[in-house]
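Contents: one structure, followed by commentary.
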Amino acid sequence: MLRELRQFRTQRFGFDLTPSMVDEAKRVLSKQGVPPRHIWTGSVLDPRAYRGPKDGVQHEFDSALCFGVLPHIPEAMDKKVFSLLRKNVVRGGLVLVEARNELFSLFTCNRYSFSFLEERLIQPDSWEEIPKEIKKRKSAVLQRLQGHFRMDLPPIRQGKAGEPGYDEVLSRTHNPMIAADQFAKAGFRKVEVLFYHYHCLPPMFERSNPKWFRKQSLRMENPRDWRGHFMASAFILKGIAA
């Protein structure tokens, strides 16, 4: 993301939890004149990481980007991430945070859809005073519901030797409405949810004609289209530090 900001002719700083990613960032950005000391290893959950190395990197930034991070943060830590971003950006600073869209699962017609219906909407474990006839059939009802979805899709993404795959590490989705509310409560104003990576049909239909599928999907790209709540697989939280 930082290399794309070259056109703004501003100082750029960044940190990442993975040392190899930090090394790659230094390699790429050094070609654009960014000093290596501007890139360091750190966790978004560690307040010290925002301060940078001990050689004078500023403690408060004019703006902040947080992409490819939130899906890998435990749910209980979301508010902490938002709070730390707010504390380390000047008042009036722009902050952009990327997340995977949980509501997209209502459109995918696969195992994600069933999980969302069962765990987030139906929540059978929270039922009280369940009649015997319902209790006995609860499992059968859920299995019947499961039959309406492609439970074999998407394939579980496994890693290479010695490396876990994307689905073998924490890779959460976020409800854009809940995330936007938390973002606002963390001290951001003019909060917007900007959707991207639209799908013209559920992903399982892409393989029938990938070129057509992608062309139609790209035509839909509009960050403020209400359909993005369901047809876009990702979104960006945009806010101004209050």
Exercise for the section: Go through segment 1-55 and give me each residue that's touching a Lys or Arg at 6+ places or on another chain (Cβ under 9 Å), assigned to a helix (DSSP H, G or I) and either crowded, with 18+ Cβ neighbours inside 10 Å or on the phi > 0 side of the Ramachandran plot (or both). Expected result: 25, 29, 38, 50
Problem - Residue, nearest to residue 75 (Cα to Cα), within segment 122-173, restricted to residues that are assigned to a loop (DSSP other than H, G, I, E, B) and aromatic (Phe, Trp, Tyr) - result: 127
Completion exercise
Being in a helix (DSSP H, G or I), under 30 Å from residue 80 (Cβ atoms) and not assigned by TED's automatic domain parsing to the domain that holds residue 123 narrows 229, 197 down to just 229
Problem - Checklist (1) out of contact with any Asp or Glu (no Cβ under 7 Å at 6 or more places or on another chain); (2) more than 18 Å from residue 104 (Cα to Cα); (3) buried (at least 17 other Cβ atoms within 10 Å of the Cβ) applied to residue 182, failing item - result: (1)
Handout entry: Residues satisfying the stated conditions in segment 188-242, i.e. surrounded by fewer than 18 Cβ atoms within 10 Å (Cβ to Cβ), small (Gly, Ala, Ser) and either more than 30 Å from residue 94 (Cβ to Cβ) or under 20 Å from the mean Cα position of the chain (by Cα) (or both)
Key = 208
Handout entry: Meets criteria (under 30 Å from residue 181 (Cβ atoms), assigned to a helix (DSSP H, G or I) and not hydrophobic (A, V, I, L, M, F, W, C)) for residue 80
Key = yes
Practice task
Take residue 98 and decide whether it is touching a helix residue (DSSP H, G or I) at 6+ places or on another chain (Cβ under 8 Å) and among the charged types (D, E, K, R).
Solution key: yes
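The values are calculated or read from the model by the stated rules, or taken from the named source; none is laboratory data. Quantities reported herein were computed from a predicted structural model and do not represent experimental measurements. All Cβ positions, even for glycine, are placed from backbone atoms using ideal geometry, and neighbour counts span all protein chains on display.
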